Every structure is written in C-alpha cells, then in structure tokens.
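> One structure, as structure tokens, below. Some questions next.
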Amino acid sequence: MLAECWVSIRDALPELPSLPWYEPGGYADRLVYMVLSLAPNAVRSFSAGELDYLAAACIYDPRLMRHLLSWASSYPSTTKDGEQLGSTSVSRWTQLARWYRNFFPEEEQSLAWFDWSSQVGEDLARRLIGDVDLDDLIEVHWPCKVWTRFGLLAPLVELNPALARTAAKNTLVIEDFFKEASEIEIDLPASLHDRELWRTSFVQALSSLPMSDLDHEALKVGWVAGYELHLSGLPRTAHAVAQVLRKDPDAVKGTRTCETALLWADLQQLVEYQQEAWKNRDEIRGVLARLSSRVKSSPEAWTVSAREILTHAKTLGSQVVDLLCLCAAQHAPLRDTLEKIARSDQNRAVRDRTQGLLARTAGVATPSEDVRRWLADLAAQAFDDTPLFPNPLTSLAQTWLGSIDLDATLPNAIRQAMSRFSEFAKDQGAVAVEEHVTGVLLTELEAAFRGVSLRLIAGGQSRLARTISVSHRPTHKTTEEPQWGCDIALLLNADIRPDIRIELAELVQIKKSQAFAAGKSAALHEKWRIDVPQLVALLKRSQSAGYWLVLSTGEVVCLTARWIHALVSGRDALGQHSLTIGYNDIRHAAVPVEQYLPELFLGTWIGSADESTVTFARGENANAKPRHIFEVSVIANQG
C-alpha cells in the first residue's frame with residue numbers, strides 16, 4: 001500500500017511543524033525540529049544512521065514520514081537495493097512498512113524525550129536548512145512564548161554561520177535583540193552562573209550581529225560579555241573580547257562594547273576578590289590598577305556604565321567610585337551624564353549619591369565645613385576690624401585672593417585647558433620639539449585664564465573678572481638656557497593699593513617623556529632625561545623653581561627642582577652631565593597644573609622676589625632671557 005499510494009500519503013502530510021510550543025526542550029532542539037518540519041519534499045539520500053534517526057523522529061511527529069516516503073520512492077517496490085534489516089535483505093518499502101508500525105502505536109503510550117539536536121540530527125539539519133525559506137522560519141514559525149527570534153541565531157550559527165549572519169539582518173530579529181538586551185538586569189555579584197543556558201545562547205547569538213548593533217546596547221552586551229570574559233580567565237584585551245564574541249579582533253577593538261566589556265570584567269573580578277579581601281590584597285591592587293588605566297583609555301565605557309556603578313556603589317567599594325569621580329573630572333560627557341542622573345533618575349539614593357559625586361568633582365565644601373569657615377571669617381573680622389581683599393564677607397578661600405568663586409572656576413578652567421593640550425600632545429608630542437610643545441601649553445593656559453574672566457562676567461562677577469589678567473609672550477634668544485635652564489618664566493604682579501604689592505618670579509623647565517620616542521609599538525615607560533648642570537643653574541636662580549613633565553598620555557605633572565636635585569644627589573650623580581628619572585620617582589611628589597598655578601604660584605607658596613630673578617623673568621637681562629614669559633597681574637582698588 002505504501003508503495004502504491006506514497007504520493008497521496010506524502011502530500012497529505014503538510015510541511016509544517018505540529019509539536020506544541022513547549023516541545024522540543026531547547027533552542028538547538030527546536031531549530032533542528034523546525035528544519036526537518038519545513039524542509040520541502042525532495043528525493044534525498046540518507047545514511048543508515050539518518051534513517052534510524054528519522055524513523056525515531058516520526059514517532060513524535062508522524063508528518064516527518066514524508067521524508068522517508070520520498071526516500072523509498074526512488075526504488076521500485078520489487079527491487080532490493082541491499083538495505084539490511086537484521087540479516088534479511090529487504091526493499092525500502094518493506095523496511096518503511098516495518099517502521100510504520102512504530103509510527104502509530106496501537107496503544108496510547110507516553111513518549112520518552114527525544115534528542116533532536118544529537119550529532120546525527122544536527123548534521124541532517126545542516127544539510128536541509130539550505131532548502132528552508134529562512135524568512136518564513138523566522139517570521140511565521142519560530143516565535144512563541146519562550147523562543148525569541150533573536151534566540152534562533154544561537155543554534156543557527158552552529159549549523160550555518162553564513163545563514164545566521166543573513167538572519168541577523170532581519171528586522172524582527174534585530175527588534176528582538178534590542179528588546180531582550182534592554183530587559184537584562186545588571187546585578188553584582190552577577191547571578192548569570194545560574195542562567196548558564198541563557199547566557200551561553202545569548203553570547204553565541206551575538207556573534208552574528210554587526211558591532212554597530214551591539215554598540216547600541218553597549219552596557220548590557222558589555223556586562224554579559226564581561227562576565228563571560230571574567231569566567232574564562234582570559235587576558236583583559238580586545239583580542240580576548242573578540243574571542244568571547246567570536247568576531248574578528250579588528251572589528252571589535254576600540255568599540256564601545258569592547259571597552260565596556262573590559263571594564264565590567266574587571267569590576268566583576270574586583271567584587272569576587274573583595275569577598276575575601278584579606279587574602280586577595282595584591283590581586284585587588286592589580287585590578288584597581290587596570291581600572292585606573294581605563295579612566296584615561298576608556299572614558300566612554302565609564303560614561304555608559306555610570307548609573308550602574310552608582311547603583312552598585314556599596315558592592316563595588318569607594319575606590320571604584322573615586323575612579324568614576326576622577327573620570328568625571330577629566331571628561332565632560334561623563335559629567336553631563338552624571339548631571340542628568342542627579343536631576344531626573346527615578347532612584348532617590350542614586351540621585352543623591354550622584355549629586356555628592358558631582359560636588360566632589362567641583363570641589364564644593366559640605367555645608368558644615370562652609371558654616372565653620374564662615375564663622376571663623378566673621379570672628380577674624382570682629383577682632384581685626386580690617387576687611388580682607390577682595391570679599392570680606394565670604395567664607396574662607398584657598399588663597400589670599402579671597403574668592404571661593406575664583407577657587408572653583410580657575411582650577412576647572414585650567415583642568416579643561418590641560419585636557420585640550422593632552423590631545424595635542426598625544427597626537428603631535430612625538431614629533432614636536434619641546435619649545436613648540438611649551439608654546440602650545442602656554443597658549444591653552446592663557447585661554448583658560450581669559451575663559452575664567454568670561455565666566456565670572458556671565459555670572460555677574462564683572463568686578464572680580466577685571467581683577468586678574470594674563471599675558472604670554474615668547475622670546476627668541478637661546479643663549480640663556482645653558483646659563484639659567486629656563487623654558488618658562490612665571491611672573492606674578494599684584495598691586496592692591498594701599499595694602500598689597502607683590503612682584504614674584506618663578507622659573508620652570510619643560511621636559512617631554514622619552515616614551516614619545518618609543519613609538520606606538522614599543523612598551524611605554526615614562527622617563528625624562530634631566531640635564532644636571534641645567535638643574536643646578538635653575539636652583540641658583542630660584543630655590544622653588546620647578547619642572548613640568550609631559551607624559552606620553554598628554555598629561556602634565558609639576559614638581560619642584562629641589563626634589564629632582566634630591567634624586568640626583570641621592571644617586572651621587574651631581575658630577576654627571578645627565579640623569580634619567582622615571583615615573584615612580586616623581587609620582588608622589590608631583591601635583592597637577594590646576595593645583596600648581598592657582599594654589600602654589602598665585603598663592604605665593606612658591607616664587608622668588610629676588611631682584612635679579614625678577615629682572616631675568618621679565619626678559620630685561622641683556623645677556624639672558626627666558627624662552628617664554630607668562631605674566632599674571634592682579635590689580636584692584638580697595639576704595
């Protein structure tokens with residue numbers, strides 16, 4: 001009967017799946033079953049193992065018998081083709097008839113679980129999937145309560161990576177990805193270990209999507225990929241992220257998703273170490289060192305992750321929040337993000353925590369500290385009966401200028417100027433001579449001071465804005481450097497009649513890191529070659545003279561020539577022509593430019609009032625002149 005009526009029987013079995021949505025049990029099982037159900041009728045050759053597999057599958061879905069009917073139809077019913085069933089040589093139709101009795105058991109019985117995605121099943125689906133209408137599979141037959149279209153990509157990439165990439169372009173698949181990613185909840189410590197099947201499938205599916213799609217959900221994708229990287233123990237590199245995502249390293253490197261994944265891999269590693277901090281102290285320091293380096297290399301990852309870091313601040317610890325604060329101080333996009341969170345986040349604790357972080361970034365005092373300073377100022381005025389310049393009724397300021405507005409505005413402006421300079425230095429520092437680097441640096445500082453004046457005027461502080469002015473002028477003689485060793489002469493002139501008259505000069509030497517010359521392919525070790533006779537000559541002119549050292553990252557750090565002299569002396573190198581110092585020699589003694597200029601120089605903690613030094617700094621010495629003169633003038637009328 002089968003041999004005579006096979007066409008009618010086959011055509012009565014539709015090319016549609018019949019099992020309910022909860023069968024089979026996993027993404028891979030479901031895909032194999034769908035491919036077998038949707039593959040069109042065609043005469044195909046099957047191995048003995050594939051025939052046994054199809055025969056067993058027909059017990060679960062008799063519609064799949066149509067593949068066996070097509071297979072048997074290629075041989076006449078009377079022809080024996082060598083197929084073996086036990087020891088008897090039988091025709092395909094005879095063999096199919098014997099299988100048929102198993103397809104429809106006489107008595108109803110519960111069916112054991114069937115391994116649809118066995119090796120035989122996967123191999124068979126891999127052969128048949130090319131005949132299946134992919135859009136029909138994605139849009140019509142795949143969706144159900146638990147199986148998302150995006151989830152289809154995970155088993156599909158194992159069967160046919162090229163088809164998976166094609167499926168990833170389907171609009172419905174992309175919509176499912178964004179929906180699934182948006183619903184991921186970030187927790188620490190991560191609980192993804194309990195959801196291993198979902199996590200593995202999610203990461204597998206990501207391999208088919210382009211990085212541009214992943215970057216739209218950089219936080220959630222980066223968190224999951226970071227957890228996978230954390231579990232794998234792979235190095236924290238872009239290449240390792242590419243390995244997790246199964247992508248070309250060149251396509252992954254530098255993307256938002258990659259940098260966010262590296263950040264969260266370290267954050268999750270830190271949380272794990274902190275659970276037994278007493279025996280993981282060195283490991284914690286190592287992770288924090290990596291996180292610190294990401295403040296400069298991956299500010300966008302911190303920006304993307306800011307809210308979640310603040311949400312889990314207690315778990316992550318104060319040091320991570322400190323790094324977030326440091327990153328916010330250096331990168332305006334992160335500050336903008338934090339301000340938005342502080343204004344409108346739905347979580348009150350997150351809003352308040354963010355506001356506190358912003359206050360730290362801006363250097364705002366707590367109310368209790370502010371009141372204490374205010375009372376101290378009033379007491380001083382009551383006993384002295386002499387107003388202080390320029391604001392007698394404000395709380396205690398950081399310098400004699402007496403303006404907390406200036407205390408806040410000037411360092412921030414200088415910090416932003418140094419950020420702009422760092423971009424130039426990173427791009428041009430390797431080829432630009434130190435004199436050119438110095439000129440660009442001072443031009444940015446001059447713009448910062450003038451920007452402060454504009455901000456003060458805009459804020460209704462026009463009188464204070466006119467109090468401070470700056471000028472920068474280069475000189476062109478070079479004979480003075482062997483004698484004085486001076487790249488920059490800082491001048492401070494304050495004329496506040498009838499109480500204050502200041503005329504100070506400070507000498508500064510600029511040094512570029514040797515890491516600029518090492519090239520991008522070499523390991524970057526920050527080192528500076530110090531001309532010892534030049535150092536000695538600098539200190540003879542001013543005991544508080546300084547060195548501004550430019551790192552290969554573009555950052556500028558300031559320290560006293562006295563400290564460098566101490567290093568030279570300690571190494572018994574005062575008789576040498578030069579000595580090389582490294583970053584570890586100076587890191588604890590250095591201060592940033594935004595502290596050096598407002599607090600130390602304008603605050604008169606450094607500088608020389610010696611007439612010969614001031615004359616030289618003004619460029620009035622006939623035999624020697626500094627390369628650049630940077631003059632700050634403070635003029636006010638107490639009346």
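The values are calculated or read from the model by the stated rules, or taken from the named source; none is laboratory data. Keep in mind that this is a model prediction, so the values were computed, not measured. With ideal geometry, Cβ positions are generated from the backbone for all residues, glycine too; neighbour counts draw on all protein chains shown. Calculation scope for accessible area: heavy atoms of the full protein, side chains included, ligands and nucleic acids excluded. Shrake-Rupley method; radii C 1.70, N 1.55, O 1.52, S 1.80 Å.
> Can you tell me how many residues in the range 263-288 are under 22 Å from residue 237 (Cα atoms) and among the charged types (D, E, K, R)?
Number of matching residues: 5.
> Which one is farthest from residue 164 (Cα to Cα) among residues in the range 112-126 that are out of contact with any Leu (no Cβ under 8 Å at 6 or more places or on another chain) and free of Cβ contacts under 8 Å to residues at least 40 places away in the same chain?
In this case the residue turns out to be 112.
> Are there any pairs, at least 6 apart or on different chains, whose C-beta atoms fall under 6 Å, with the first in the range 497-517 and under 30 Å from residue 431 (Cα atoms) and charged (D, E, K, R) and the second open to solvent by 40 Å² or more (accessible area, probe 1.4 Å) and part of a strand (DSSP E or B), and if so, which?
none
> Name the residue, out of 565, 577, that is over 21 Å from residue 438 (Cα atoms) and in contact with a strand residue (DSSP E or B) (Cβ under 8 Å, 6 or more places away or on another chain). Give the steps one after another, and end with the answer.
Values: 565 fails: in contact with a strand residue (DSSP E or B) (Cβ under 8 Å, 6 or more places away or on another chain).
Answer to the check: 577.
> Hey, another quick one. Name every residue in the range 607-617 that is crowded, with 22+ Cβ neighbours inside 10 Å and aliphatic (A, V, I, L, M), in order of residue number.
Passing the criteria: only 617.
> Within the range 618-627, identify whether any single residue is closer than 19 Å to residue 509 by Cβ, at pLDDT 90 or above and open to solvent by less than 50 Å² (accessible area, probe 1.4 Å), and answer yes or no.
The answer is no, given that none of the residues of the range 618-627 is closer than 19 Å to residue 509 by Cβ, at pLDDT 90 or above and open to solvent by less than 50 Å² (accessible area, probe 1.4 Å).
> If you don't mind, there's one more thing I want to ask. Would a scan of the range 572-587 turn up a residue that is among the hydrophobic types (A, V, I, L, M, F, W, C) and in a helix (DSSP H, G or I)? It would help to see each step written out before you state the result.
Initially, the range 572-587 is screened for residues among the hydrophobic types (A, V, I, L, M, F, W, C), giving 573-574, 579, 581, 586.
Of the ones still in play, those that are also in a helix (DSSP H, G or I) are 586.
Yes; the residues of the range 572-587 include at least one that is among the hydrophobic types (A, V, I, L, M, F, W, C) and in a helix (DSSP H, G or I).
> Look through the range 260-275, keep the residues that are touching a Pro at 6+ places or on another chain (Cβ under 9 Å) and part of a helix (DSSP H, G or I), and return whichever of them is most open to solvent (accessible area, probe 1.4 Å). It would help to see each step written out before you state the result.
Of the range 260-275, the ones touching a Pro at 6+ places or on another chain (Cβ under 9 Å) are 268, 271-272, 275.
Those still in the list that are part of a helix (DSSP H, G or I) too: 268, 271-272.
Values: 268: 11, 271: 11, 272: 92 Å².
Going through the qualifying residues, I end up with 272.
> Looking only at the range 269-308, which residues are out of contact with any Asp or Glu (no Cβ under 6 Å at 6 or more places or on another chain), hydrophobic (A, V, I, L, M, F, W, C) and at pLDDT below 95? Before you say what the answer is, go through the steps one by one.
If we filter the range 269-308 for residues that are out of contact with any Asp or Glu (no Cβ under 6 Å at 6 or more places or on another chain), which is where we start, we get 269-272, 274-286, 288-289, 292-297, 299-300, 302-308.
Still in the running and hydrophobic (A, V, I, L, M, F, W, C): 270-271, 277-278, 284, 288-289, 295, 302, 304, 306.
Correct list: 270, 271, 277, 278, 284, 288, 289, 295.
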